[in-house]
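Visitor: I'd like to ask some things about the structure below.
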Amino acid sequence: MWHSLRLFTLFFSVVALTSSSSAASRRSKSGEPALKVQPAFWWSGMHDASLQLLLHAPEVGRSEVTLDAHGVSIDSIVRPTNTNYLLLYLQTKHAPAQTFSIHLRKAGKVKTLPYELRQRDQKTRAQGFDASDVVYLLMPDRFVNGDPSNDVVKGLKEQTASQEPNARHGGDLAGMTKALDYLNDLGVTTVWPTPLQVNDMPSTSYHGYAITDYYEIDPRFGGNEAYVRFIDEAHKRGMKVIQDMVFNHCGSENFLFRDRPDDDWFNCGSRYVQTSYRISAVTDIHGSEADKTNARDGWFVEVMPDLNQRNPHVWKYLTQNSIWWTEYAGIDGIRQDTYPYADRQAMARWNQALLAEYPHFNIVGETWLNHNVGVSQWQKGSKLAGQDNDSELPTVMDFPLMGLLNSALDEETNDWDKGLARIYEYISQDAVYADPTHLLTFLSNHDTDRFARVPIQASVTTRYRQALTLLLTLRGIPQLYVGDELAMAANKGGGDGLLRANFPGGFSGDTINALSGEGLTPLMRETHDFTRRLLQWRRGNDAISRGTLRHYAINHGTYVYSRQAEGRTVTVIMNGTNQEVELPLGRYAEVLPESVAREVITDRTVSLGDTLRLAPRDIFILDFQ
Ligand code: CA
């Protein structure tokens, strides 16, 4: 182990300067090693006027620096242990948009670097997302292949594409752009693609969570310009885009790790120590320091070095990267991966920096804990976490509700502790959350069993109908996982690659094409139409977006709850049993304002008497306008 590690170290100290993918080794036309500058450009008039430039090239750290600029000054110059880096901290408070010159003087030679401060444009952006939205999570490599010519790109380490579960399949931004009309028609408002930044890893690069350059969209997805085009096209349709960011770790082929500024840029002295994944330790009042430290500083896996966000230079690098994408590409929100594994205080400052720059922004953290006490402590304003330990994170993920939606609907509801009674009980504990409206709610995602674990489960249509109704009408910001609307089934037993199966119609040779509607099975069509009906109805519905939630203890195996905003009441009545129910309506008067309502699923008018007859597993969504 030691032997191979040392060999590896020796190997990469050479390779880092010669590998074709290492930017430091790219030669300019004059034959000089290319200088990598990140960010490549910036803007004038930013809320935070301090700018970090990371310069990477052989021995650039030995340069003296002067500027030729209007209103830009050098705050400080940091020379990391590794002389291939120079960190330049500039002050841009009074700087107009311009291209200025940075002179690097070394051994009597001067190299001049033009640097652009752009004008911020006034396009709608950083809109945030909230409960009026429905988020659609997709994995770009598995969604739609709009450009087969980029499936394999010369010079990158993974040189094959195939339909094997863990191989690159070839989906890309051109395909995502092509599918926007489908998504818009379905009724989703916001797209969350898993990370698009380059993963120049030798294998399993398709998932995107091993970023090797934070500033580059993977050329196999189409590169930076294709990303900007995709977002512009989404905005044209009134849709939004969330960028998936990964600050806890990067890919081991990232130049920041291979030729790292110093060992403090990565946790555990840049040496692999496995995290226990026991992240409940971080907020546990009885938790040992050993457990807290290991959960936070241990590495997710060996090929994903764990970034040290406590290092102020790392923090600034990552924070600027978020601002850069927001400003450059016009994203509307951020999803932050493996949130509790990163340093809590550093990430709190990151949230503050983003929200100071973009007051309407929303950020959701992947807070994978299976209990509400644990999840709630990661949300901004948590009383349990306490004022001096605030995470500042606006939105957290409702993993406990996901677990319940996946199990409770397989049970027959009683009035106490089975089926929908468990969902009622969970929702009744919402006081634990500082802001229950800012919970991302979902049936599944790319890391979990699909809602239908096996095909036979997908054929029980009432199960999906009830789950989707709950998802779209309870509190929170609902998120669908690609293919939920087509009753796609998969479970983790088959490996992650199968959870991330291709979207039907996204790849050549597909006999089923969901984008055009050709070849859908009756179950797919029924599921799609049901999903579309609810999503289209939900759009612009104030009662659901902003309304209060009032619910009733289970009675006759039936769950009743209501969303109310000024002038509109929506009341959901759901039979959790396999029997017909004759439900007395007397106790529900406060959520039944009229004797007549529009029922959303069947699109018919319903007259309400003393009782309501519900078929087994029936749902009434009553819209009182
Ligand atoms: Ca492609």
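Visitor: Rounding to the nearest 20 debye, state how big the charge dipole of region 496-583 is about its Cα centre with +1 on each Lys and Arg Cβ and -1 on each Asp and Glu Cβ. Let's see the in-between values first.
Guide: Working: 10 positive and 9 negative charges, 86 e Å.
Using Cβ point charges on Lys, Arg, Asp and Glu, region 496-583 gives about 420 debye.
Visitor: Ok, one more. Could you work out what % of the accessible surface of region 547-624 is carbon and sulfur, using a 1.4 angstrom probe and leaving DNA, RNA and ligands out of the count?
Guide: Details: 1520 of 3330 Å².
Summing carbon and sulfur atoms, their accessible area is 46 percent of the total for region 547-624.
Visitor: Ok, one more. Once neighbouring chains are kept in place and the probe is 1.4 Å, which whole percent of the accessible area of region 181-280 is contributed by carbon and sulfur? Before the final figure, lay out the partial values.
Guide: On the way: 1310 of 2860 Å².
It is 46 percent, rounded to a whole number.
Visitor: Also: Return, for the Cα atoms of the chain, the radius of gyration and Dmax in Å, separated by a comma.
Guide: Here Rg and the maximum Cα pair distance are 26.1, 93 Å.
Visitor: Next question, about the same structure. Compute the long axis of helix 223-236 from its Cα atoms, compare it with the longest principal axis of the Cα atoms of the chain, and write down the angle in degrees, 0 to 90, nearest 10.
Guide: Rounded to the nearest ten degrees, it is 40.
Visitor: Just want the answer: with Cβ charges of +1 for Lys and Arg and -1 for Asp and Glu, which residue in PRO305, HIS94, LEU472 is farthest toward the dipole's positive end in the chain?
Guide: Of the listed residues, the answer is HIS94.
Visitor: Hey, can you grab everything whose amide H is under 5 Å from the amide H of LEU440? Only 5+ residues off in sequence or another chain; H modelled, so Pro and N-termini drop out.
Guide: Amide H neighbours of LEU440: VAL396, MET397, ASP398, ILE477.
Visitor: Using a 1.4 Å probe and ignoring any ligands, DNA or RNA, find the accessible area of LYS418 and quote it in Å² to the nearest 10.
Guide: Using a 1.4 Å probe on the heavy atoms, I get roughly 90 Å².
Visitor: Let me know the Rg and Dmax you get for region 547-624 when you use only its Cα atoms, in Å.
Guide: Radius of gyration, then largest Cα-Cα span, for region 547-624: 11.6, 35 Å.
Visitor: Accessible area, 1.4 Å probe, largest first: how do GLU366, GLU289 sort?
Guide: Numbers: GLU366 10, GLU289 130 Å².
So the residues, ranked largest to smallest area, are GLU289, GLU366.
Visitor: While we're looking at this one, here's another question. Taking a probe of 1.4 angstrom, what is the accessible area of THR99 in Å², to the nearest 10?
Guide: 90
Visitor: With unit charges on the beta carbon (Lys/Arg positive, Asp/Glu negative), name the residue among PHE451, PRO80, ASN224 whose Cα is farthest towards the positive pole of the charge dipole of the chain.
Guide: Positive-most Cα among the choices belongs to PRO80.
Visitor: Would you mind telling me the antiparallel percentage of the DSSP bridges in the chain, rounded to 5? Each step should come with its number before you reach the end.
Guide: Numbers: 64 of 92 bridges.
So the antiparallel bridges amount to about 70 percent of the total.
Visitor: Among 333-339, 497-503, 411-417, what's the highest-first ranking by average C-beta atoms within 10 angstrom per residue? The partial results should precede the final answer.
Guide: Values: 333-339: 23.9, 497-503: 20.9, 411-417: 15.3.
Sorting 333-339, 497-503, 411-417 by mean packing, highest first, produces 333-339, 497-503, 411-417.
Visitor: Only four residue types carry charge here, +1 at the Cβ of Lys and Arg and -1 at the Cβ of Asp and Glu. Report the dipole size of region 135-544 about the Cα centre in Debye, rounded to the nearest 20. Provide the component values of the computation, followed by the final result.
Guide: Numbers: 37 positive and 55 negative charges, 107 e Å.
My answer is approximately 520 debye.
Visitor: Ignoring everything but the protein chains, give the 1.4 Å probe accessible area of ARG237 in square angstrom, nearest 10.
Guide: Here the accessible area works out near 70 Å².
Visitor: Along the charge dipole of the chain, pointing to its positive end and built from +1/-1 on Cβ of Lys, Arg, Asp and Glu, which listed residue (PHE507, TRP537, LEU318) has its Cα farthest out?
Guide: Positive-end residue among those listed: LEU318.
Visitor: Here is a follow-up. Per residue, what accessible area does region 135-544 have, given a 1.4 Å probe and all protein chains present, in Å²? Walk me through the numbers before you get to the answer.
Guide: Details: 13600 Å² over 410 residues.
Result: 33 Å² of accessible area for each residue.
Visitor: Turning to a different aspect of this structure: Might you report the magnitude of the Cβ-based charge dipole of region 453-516 about its Cα centre, with Lys and Arg at +1 and Asp and Glu at -1, to the nearest 20 debye? The partial results should precede the final answer.
Guide: Details: 6 positive and 4 negative charges, 59 e Å.
Its charge dipole is roughly 280 debye.
The values are calculated or read from the model by the stated rules, or taken from the named source; none is laboratory data. Every value quoted in this text rests on a predicted model; they were computed, and no experiment measured them. Glycine also receives a Cβ, built like all others from the backbone with ideal geometry; neighbour counts cover every protein chain displayed. Heavy atoms of the whole protein, side chains included, go into the accessibility calculation; ligands, DNA and RNA do not. Shrake-Rupley method; radii C 1.70, N 1.55, O 1.52, S 1.80 Å.
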